Amino acid sequence: MNKEPLINIIVPVYNTEKYIRKCLDSIVNQTYRNLEIILVDDGSTDSSGDICDEYAQIDARIKVIHKENGGLSSARNAGLDVCTSGGELIAFVDSDDWIDIKMYQRLYKKIIEEKADICSCDYYEINSETGYINRVESLRTAIFHLNELEKRKRILIEGGRLVCCLIKKNLIWDNNLFFPEGVLYEDNAIGSAIFLAANSITKVSEPFYYYRQENSSTTRSVDNYNYFDRLKTSVMFLDNLKRMG
């Protein structure tokens, strides 16, 4: 019997046919084997959905959802809807990124060692257009069994990318923390709230996540920067903060 708990990995997919094979190869070849990999094809108009189905035929751990386009939050929520019955841990990977094959083995080991609710790792930012690579600290320090006020201050200052984390799934369900749909910067609203829900957060300092950036992407383009959405998700975060006491 496999003693390792099931990790649900949710991968929203939209028109990433150039990159998705690299992403999926990095997930299915993880040294941590007990995975449920949920691919949410969010109305792709290229061959991304077909590639998802192709991988599902090869690896029984993969489940594919095809849906109308609704955006990143909608896709993540669709993935959450189908992994409620199993798995103790959850992770998110974007389909144009990729991860080190040791990522979840190392993060799970750290969670067990530290009895933590979340483990984060450092990551690389890779600009697809210039080739520039930048190493980034996901959290500068571990946030472990701090009092609530100190933890809130530290998280507000340091933040943390959800895609760089392995998370106890009950943090999301017990606090009803689902992604706001129809706005950009959804991690601003929910990511920090998930961190605040945790009793203990730890990290490994190795960079296991490879975050692909394109100057023309939705959230990086100056032309596409939506100040209203940034403000709206900030208000959502503050509402979550008040709700969680």
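The values are calculated or read from the model by the stated rules, or taken from the named source; none is laboratory data. Only a predicted model underlies this, so the values are computations on that prediction, with no experimental measurement involved. Using ideal geometry, Cβ is built from the backbone for each residue, glycine included, and neighbour counts are taken over all protein chains shown. Surface areas here come from the heavy atoms of the whole protein model, side chains and all, with no ligands, DNA or RNA. Shrake-Rupley method; radii C 1.70, N 1.55, O 1.52, S 1.80 Å.
Couple of notes before you dig in:
- Residue count for segment 65-99 under the criterion of being more than 13 Å from the chain's Cα centre (by Cα) and not in a helix (DSSP H, G or I): the result is 14.
- Filter result for Y19 (open to solvent by 30 Å² or more (accessible area, probe 1.4 Å) and among the hydroxyl-bearing types (S, T, Y)): yes
- Failed item in (1) assigned to a loop (DSSP other than H, G, I, E, B); (2) open to solvent by 30 Å² or more (accessible area, probe 1.4 Å); (3) modelled with pLDDT of 95 or more, with Q30 passing the rest: (2)
- Scanning segment 84-99 for residues that are open to solvent by less than 10 Å² (accessible area, probe 1.4 Å) and under 17 Å from N170 (Cα atoms) yields a total of 4.
- Listed by first and then second residue, the pairs linking a residue in segment 132-155 that is farther than 17 Å from A116 by Cα and of a type in the set (D, E, K, R) to a residue that is modelled with pLDDT of 70 or more and open to solvent by less than 40 Å² (accessible area, probe 1.4 Å), with Cβ atoms under 7 Å apart and 6 or more places separating them unless they lie on different chains, are R135/D122; R135/P207; E137/D122.
- Within segment 160-174, the set of residues being open to solvent by 20 Å² or more (accessible area, probe 1.4 Å) and either under 17 Å from G87 (Cβ atoms) or at pLDDT below 70 (or both) comprises G160, K168, N170, W173, D174.
- Residue that is farthest from T31 (Cα to Cα) [pool: residues in segment 100-123 that are aromatic (F, W, Y) and either open to solvent by less than 30 Å² (accessible area, probe 1.4 Å) or part of a strand (DSSP E or B) (or both)]: Y123
- Checking D50 against (1) in a helix (DSSP H, G or I); (2) open to solvent by less than 50 Å² (accessible area, probe 1.4 Å), the condition it does not meet: (2)
- Residue check, A193 among the small types (G, A, S), farther than 27 Å from Y19 by Cβ, open to solvent by less than 50 Å² (accessible area, probe 1.4 Å) and modelled with pLDDT of 60 or more: yes
- Condition met for D50 (out of contact with any Phe, Trp or Tyr (no Cβ under 9 Å at 6 or more places or on another chain) and free of Cβ contacts under 8 Å to residues at least 60 places away in the same chain): yes
- Note on segment 124-147: among residues that are of a type in the set (D, E, K, R) and open to solvent by 50 Å² or more (accessible area, probe 1.4 Å), the one that is farthest from V28 (Cα to Cα) is R140.
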